[in-house]
Every structure is written in C-alpha cells, then in structure tokens.
Amino acid sequence: MKTHLNVKAPSNILSGLFEEKKWISSKFLYDEQGSQLFEQITDLPEYYQTRTEARILLENLSTWKSVFHEPSALIELGSGSSKKTKILLDHVKNIESYIPIDISEEFLADTVTQLQTSYPEIHIQGVSADYTQPFTLPDLKGKKKVIFFPGSTIGNFEPGEAERFLGNIRSLLEPGDELILGVDRKKDETVIEAAYDDAAGVTAAFNKNLITRINREHEASIDVESFSHVALYNSSAGRIEMHLESVRDQVLSVGGHTIEVKKQERIHTENSYKYDPEDIIQLGRSSGFLLQRVVSDEREYFSVCLMEV
Ligand code: AVI
C-alpha cells in the first residue's frame, strides 16, 4: 500500500536563497540539534500547543474508546518519542498494532524497543519513512485503521498541500477507518506570537540553527548573530511566520556561490497555519473525509478532530 504525496520540498537547503524572496524550507529545521531544540520548545510556558493537546486527549478518553471499539491498528505520522500516543496506549483497549512512522531511523528503533517493553501485548512495527513521500504500510487486514497525526504539524503545510496530503492519506483507508488530527486554532495574535518568540530564546535558537546547519553542510562561515529571529502573525493568511532578518548588509559565501543580503532583508523559514472551525470543516471536506467531532480545550486554543472515511 503506497501513498503518493506531493509537498513543496526542495532537496537543497540553499535553493530558495537564490530566489528574489529568500526562503528555506522548514523541513531543514530538524537536524539533530534542531530536533532537540524542538523538544525543548514543546515544554516552554509560551508554547501551549503540546500540553493543551495532551490534556484534550486525556480528558476525552470516552471519545477515543469509541473510536477503538474493535480490533484496531494505530498508525502515527511523525511519531518522534510517541509521548502523546502513550495516552491512547495506556487507556484504550483494542489497539492490537501500533505503527509509528518517522524519518529518523535510529530514534524510531529506540522508541520501538522501549515501547515494546512497556506494551508487550501490542504488536509494534516502526516504519522509517518521510511520510510526506510515498511509503508502504504493513499488512493490516482485519483491523480498523486509525491514523494519528497530532501536534498541529498539518499547520506546517500550505493549505493546498494540506488538502492533497490528507486526500492521499485518505486513499490508504477504507470505510470505517478514521483519522485523529491535531490542529492549532486561530486566537489572539499576541498569544500566538509569544509561542513562536519565547522569552528564553529557544525558538530563536531553533530558527538560527538553520545558519549553523548551512555553515556545517556547505563549508560556510556565516555569522549566526548577523541574523535575528522574527516571528510575525500574518492575519490575512491565518499563519504565524518565522523569518531570519539580516542585521546588516552582507554577502554570504556558500557552496561556491555568493548571495547578497541587505540589512533588514528577511529569509522566510516557516509558516504555521492556524485553523478556525470553518477551516477545519473545509479541510475535511476537500480531502474527502467526513468530520465527525472537534474536541477542544475550554479556551479553544487547540482542537483534536475526528474524521471518518
Ligand atoms: C512542528 N510544528 C507543528 C511546530 C509549529 O508550531 O508549527 C514547529 C515550530 N516552529 C516553531 N515553534 C514550533
């Protein structure tokens, strides 16, 4: 079984730097150092997303129990350390197989070993793959398939890409199968901007790590401090944007090329789209799912959506 996904992802970290509006794909944020910084972000007081989603999962167990009312396979896209999944594995019966899909093979192998010890009765089979590209699922005949895509990662896809991506995920499923999707909600801009520009500077370090990565991978020596971290909510697009802003006029020497950067010129490094209920309904409809339920926290900062084929 293969998906055929199509996400704008240049193979090279430098390619967008030669365009008039400079940009770097956010997928390059996640080298080893970047992944560690992202883990730290999820614990920051300003980054409400992770803990809010975990609370929604924990406080709505009867909803998840009804999803897994028959022998099921839980398939997680971008599983990382599977922290939130443990809430489901701990409290919900009928999960016979757990298939974490993650790009980092080593990390995945460690997670699978640890989980298998904690949950000996569940068949755990990791798939090491970039889930935005075609990947193969193991044979899951006779089990209800439930795709779990938490963390509001869907927000890092451009809206059209998100629809195509979920449409492709849907094509892996059969009637009765379901999708559990975490989305970050539109809200007061100051709350969102603080979540992407925390007081401790962890998100700034996460963004600037792109410069460190370019220096390492392309034998460059760009001054990391010659760029500052900028996080701005773009209300017309409904997204928070991260940029690296040059503090001075400079010429970067990278990969045998020179790139001129003006003072205050920005390199766009990430979009994170926020959803309101209409956006969620539209996303479900255009990707071919039937939206069943939207479960939110009391401030409506975050929602976990249940979609059916
Ligand atoms: C992984 N993703 C959902 C995060 C987000 O909130 O868009 C990445 C992130 N960027 C800055 N902080 C966290």
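Quick one: pull the percent of accessible area on the chain belonging to carbon and sulfur, 1.4 Å probe, ligands and nucleic acids left out. List each step's numbers first, then the result.
On the way: 6800 of 14190 Å².
Carbon and sulfur together cover 48 percent of it.
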Taking the Cα centroid of the range 15-38 and of the range 96-140, what is the distance between the two, rounded to the nearest whole Å? 26 Å
Would you tally the net charge around V309, using a Cβ to Cβ cut-off of less than 10 Å, leaving V309 out, and scoring K and R as +1, D and E as -1? -2
Over the range 89-226, what is the relative contact order in percent, taking alpha-carbon pairs closer than 8 angstrom and at least six residues apart? 17 percent
Quick check: pseudo-label points 7 Å beyond the Cα along Cα→Cβ at E260 and V295, how many nm apart are they? 5.6 nm
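At 222 nm, what value in deg cm²/dmol follows for the chain if DSSP H runs of at least 4 each add -39500 (n - 2.57) and the sum is divided by all its residues, to the nearest 500?
The helix-only estimate for the chain comes to -9000 deg cm²/dmol at 222 nm.
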With every protein chain present, what accessible area does R170 have (1.4 Å probe, heavy atoms only), rounded to the nearest 10 Å²? 80 Å²
Would you check the accessible area of S152, probe 1.4 Å, heavy atoms only, in square angstrom rounded to 10? 10 Å²
Tally the DSSP beta bridges in the chain and give the antiparallel ones as a percent, rounded to 5. 60 percent
Under a 1.4 angstrom probe, counting protein chains only, how are S128, S11 ranked by accessible area, largest first? S11, S128
Computed over the Cα atoms of the chain, the Rg and Dmax in Å are 19.9, 62
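Students sometimes get this wrong: rank I281, I154 by accessible area, probe 1.4 Å, all chains present, largest first. Don't skip to the end; give the middle numbers.
Working: I281 75, I154 0 Å².
I get I281, I154, largest accessible area first.
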P150: net charge of surrounding residues, Cβ under 9 Å, Lys/Arg +1, Asp/Glu -1, itself excluded? -1
Determine the order of W64, W23 by accessible area, beginning with the largest, at a probe radius of 1.4 Å. W23, W64
Scattering profile of the range 138-217 at q = 0.14, 0.16, 0.17 Å⁻¹ [log10 I(q)/I(0), Debye over alpha-carbon scatterers]: -0.73, -0.84, -0.89
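The values are calculated or read from the model by the stated rules, or taken from the named source; none is laboratory data. Note that the structure is predicted; figures quoted are calculated from it, not measured. Every residue, glycine as well, gets a Cβ built from its backbone with ideal geometry; the counts of neighbours run over all protein chains shown. We work out accessible area using only protein heavy atoms, side chains counted, and drop any ligands, DNA or RNA first. Shrake-Rupley method; radii C 1.70, N 1.55, O 1.52, S 1.80 Å.
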